[in-house]
Amino acid sequence: MVNIAKNVEKIRSKVPDNVRILAAAKTRKAEEIIEVVRAGITDIGENYVQETEEVFEKVNRSTDEKITWHMIGHLQRNKVKDALKLYDVIQSLDSFRLAREVNKRARKANIVVPAFIEINSGKEEQKHGIMPDRFEDFIEKIKDFSHIKVEGIMTMGPIFENPEELRPYFKLTRELYERAKKIKQENLDIKWLSMGMTDSYLIAIDEGANMIRIGTALFGPRD
Ligand SMILES: *Cc1c(COP(=O)(O)O)cnc(C)c1O
């Protein structure tokens, strides 16, 4: 049996206090998410709108605490309207067209949506995310989107057997994060560097992450 509360404690003990731990909850049942919330993790990440809808009400009803829901998977443009009803943060702003759609829907809903820019730090063709050399250009292009507030940078990085190999990709993302922090722009207020998962979170923190996204080490293996 997986003891979620113990897992939270274990990770918490290895991580500096300023690092926010997000529970990556894809495929998990409402009951498992509720357990992680009771153990003190109130940042929940989901990858799919429909999966989120299946657990959202039940998890929110289970606690008086405010849960912060993060979209961490690729968001399709035709799901943006529904997504804005669920997520407090969109961590996967990965194209200009998506940003434009989020801004448009947020304007209609009269809200400002906190978002992170997702970087394709491995420059992998098949993966989503802004290419590192287009990053500053992307920020410039979205400058008039007043219904988006960019608060962070997120990356996954390539998949390796040995997570040490992720280090250069984390370093690169950190550099972009530091550069973005210096840009003065109305809709930019960069505070979060979201990188590191179960196998790589200590390396990510070493490279400057202040938000980590943990699935397996909290909930056990996905089936
Ligand atoms: C699944 C997922 C994670 C967590 O992965 P684990 O290896 O299970 O910790 C983090 N970020 C994203 C975007 C994910 O999809």
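Throughout, read-outs are computed from the coordinates displayed, never taken from laboratory work. All values reported here derive from a predicted model rather than from experimental measurement. All Cβ positions, even for glycine, are placed from backbone atoms using ideal geometry, and neighbour counts span all protein chains on display.
When exposed loop sites are taken as trypsin sites (Lys or Arg not before Pro) in a DSSP loop with at most 10 other Cβ atoms within 10 Å, the longest stretch of the chain clear of them is 67-183. Radius of gyration (Cα atoms) of segment 162-221, expressed as a multiple of 2.2 N^0.38 Å: 1.26. Considering only C-alpha atoms, what is the centroid distance from segment 68-98 to segment 127-176, in Å? Going from one Cα centre to the other spans 16 Å. Expressed per residue, the C-alpha convex hull volume of segment 111-178 stands at 94 Å³.
Amide H contacts for Ser92 (H built 1.01 Å from N in the peptide plane; partners 5 or more residues away or on another chain; cut-off under 5 Å): Phe116. Secondary-structure-derived ellipticity at 222 nm for the chain, considering helices only, amounts to -11000 deg cm²/dmol, per-run term -39500 (n - 2.57) for DSSP H runs with n ≥ 4. A cut-off of 5 Å between modelled amide H atoms, ignoring neighbours fewer than 5 places along the same chain, links Trp192 with Gly152, Ile153.
Normalising the average separation of contacting C-alpha pairs (under 8 angstrom, six or more residues apart) by the number of residues puts the relative contact order of segment 1-47 at 49 percent. Considering only Met197, Pro221, Ile130, the residue lying farthest towards the positive end of the dipole of segment 126-223 is Ile130, judged by Cα position with unit charges set on Cβ. Computed over every Cα-Cα pair of segment 6-98 and binned at 5 Å starting from 0, the pair-distance distribution P(r) comes out as 2, 13, 25, 23, 17, 11, 6, 2, 0 percent.
Give me the Kirkwood hydrodynamic radius of the chain in Å, from all C-alpha pairs, to one decimal place?
Working: mean 1/r = 0.0567 Å⁻¹.
Evaluated on the chain, it is 17.6 Å.
With neighbour counts taken as other beta-carbon atoms within 10 Å, the residues Glu118, Glu161, Glu175, Glu207 rank, fewest first, as Glu161, Glu175, Glu207, Glu118.
The relative contact order of segment 68-108 comes to 48 percent, based on Cα pairs under 8 Å that sit 6 or more residues apart.
The relative contact order of segment 84-223 comes to 20 percent, based on Cα pairs under 8 Å that sit 6 or more residues apart.
By count of other Cβ within 10 Å, fewest leading, how are Ile139, Ile159 ordered?
Working: Ile139 20, Ile159 11.
The fewest-first ordering by Cβ neighbours comes to Ile159, Ile139.
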